[in-house]
Amino acid sequence: MTCPVIAIGLDSAEHTLVQRWMREGRLPTLARLWNEGLHAELDNFAVYSAELPWTTFLTGSVPERTGYWTPILYDALTYSVRQRGGYGFDPVPPFYALGPDWKVAVFDVPQSVISDRVSGVQALAWGAHSPQTPRASSPPGLMDELIARHGDHPAFLDDNLEPWETGREGPFLEKMLTGIRRRGEICADLMRRDRWNLFLTVFGEPHSAGHALWHRSDPAHPLYEPPADGVDPVLQVQEEVDRACARILEAAPADARVLLFSVHGMEGNSMDLPSMFFLPELMYRYSMGRAAFADGTPGAPLPEPRSLLRDRHWAAEVYARKVDVNPLRRLARRHARFDYTWEIEKRLGWGGGPAHPNHYDDLRFIPAMWYANCWPQMRAFALPSFADGYVRINLKGREANGIVDPADYDRTCEDIARTIRDLVNPRNGRPIARTVHRTRANPLPDDPTLAEADLVVEWDPVPADVADHPVHGRIGPVPYRRTGSHTSEGFAVIAGPGIPHGSLPKGHGTDMAPTILHLMGAPVPNSLDGVSLLNRPEPEPLRGAAE
């Protein structure tokens, strides 16, 4: 039997908070679906935790099959990196590419591209967080029509907010709420245009708000300060999403089955500083025997977390901490506007070591990128990252100017892993790294599906703004960047005709594609790596979230 399916993603909605707010009566639409249907917690990949969830959702496949680990590509022959965007569905298509017999509507799913194997409508990059694809639609005029009728997303490609930008918090939140309302109207409009076998959309606003406003919501965050009006902004975003979901479901067919899901969650940001700054600086000190940035003495007294508040630009404030014997360059970096420091360094030179961010065209806002000019001389270096830490060994026979002999690969990986594990957060005495993973046994495999990093670092979940190392000294403190980052846990709620009430065993992000196909009554290919949540053992009766 075929049934229409409405699949609504809540990007980075934290399942523990969602359940609490349902119990408190703050999310009545989600609570009703939870109480009427099935629910399950989801796991996702512990490594590449921010880069993988949407690609594995869209393909139902693990990265070893797609070869897509991250939107950042590294070239070992040139020591360069570039952003490549979302996965191009080659060789693995999106799970909803079902051919002409299945009508599918896809609106604003992140990290996707238009697929010519989909029968129906697709509109991408209207307001998704980090869409990883150009704005486009099929048919081509659909996006322009939707924007003309309902409006553009007011924060599209402008949804970043640093914690020191307190004057922008109110306008930022209002843009999020406006975007949610417009998204609900667009989805209801599209829903009424046809009887879709599958209607798929994703709310990106919980993702954006979590990154930007987590310190206003989580009392455990080092920068926590409740909002002036006393209203949790992350909750406000989720409440507006709940209301928009109600509008979408009002427009849905009465016999539709509904899947609400989040393929990963959110917590205090323990990734940005360790991956973007501490790790590349540690690898520089490990390889070069000297500091490049934010040199300090382990055990020295620590100031409170702060910002220079010079020009409200995180990268500029980090770059101001570059170690340099030239007093003019040091003075310029700390007191001149960021663009002026580039002009000054073009005249005085940059002083060696990592280069000015403006030296790079792409990813210059990530400090790991600043070290790229030094990578050919380093034994190992940190690749740019949006979440976990990625270490690449400068290997002979693989890198253009490799230093480490393949015979020393295992020993070097073990030495670097031990060095990383020795990093400590001096504010609490905890190791900053939770786990260091090896990605390969053979250093020179000819396999394009493997991850480019040789080591992947999972960080301790407690945010850190400073790191002490017994050999390589103190790094920092530096200002916090985004205050929320991802967990690998999510959830799914399934409701509608023929769906009982209860709890399902924990699933995985790759299970969402086969679950949706199962709910539709569509064929589930054996090539998918996940399994339908409905093919797991019979659910156990459970009290509802709002009961």
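Overview of values
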| read-out | value |
| --- | --- |
| Residues R290 and R364, FRET efficiency given R0 of 22 Å [Cβ-Cβ distance, rounded to 0.05] | 0.45 |
| Share antiparallel - DSSP beta bridges, the chain, percent rounded to 5 | 65 |
| Inter-centroid distance (Cα atoms) of the stretch 60-122 relative to the stretch 396-424, Å | 32 |
| Scaled radius of gyration (Cα, divided by 2.2 N^0.38 Å) that the stretch 451-492 gives | 1.56 |
| Gain in span if fully extended, R306 to R411, counting 0.36 nm per residue against the direct Cα distance | 33.9 nm |
| Where N is the number of residues in the stretch 272-481, Cα Rg divided by 2.2 N^0.38 Å | 1.01 |
| Pairwise label distance in nanometres, T297 with R347, each label 7 Å out on the Cα-Cβ vector | 3.6 |
| Stretch in the chain that is longest and holds no trypsin sites (Lys or Arg not before Pro) that DSSP places in a loop and that have at most 15 other beta carbons within 10 Å | 338-439 |
| Separation between Cα centres of the stretch 341-360 and the stretch 453-495, rounded to whole Å | 29 |
| Expected-Rg normalisation [2.2 N^0.38 Å, Cα atoms] applied to the chain | 0.99 |
| Contour excess over end-to-end distance, with Cα ends at R418 and T2 and 0.36 nm allotted per residue | 144.3 nm |
| Net length gained if the chain between R84 and S119 were fully extended (0.36 nm per residue, minus Cα distance) | 10.0 nm |
| MRE, 222 nm, helices only [DSSP H, n ≥ 4, -39500 (n - 2.57), over the chain, to nearest 500] | -8000 deg cm²/dmol |
| R20 versus S527: modelled label distance in nm, points set 7 Å from Cα along the beta carbon direction | 4.3 |
| C-alpha center-to-center spacing [the stretch 138-155, the stretch 212-234] in angstrom | 33 |
| At R0 = 35 Å, FRET efficiency that the Cβ-Cβ distance of N428 and V323 yields, to 0.05 | 0.85 |
| Using a Förster distance of 41 Å, the FRET efficiency for E165-D194 (Cβ separation, nearest 0.05) | 0.45 |
| Where labels lie 7 Å past Cα in the beta-carbon direction, separation of R438 and E36 in nm | 5.2 |
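Throughout, read-outs are computed from the coordinates displayed, never taken from laboratory work. Remember, predicted model here, so these are calculated numbers, not experimental data. Note that each Cβ is placed from the backbone with ideal geometry, even for glycine, and that neighbours are counted across all protein chains shown.
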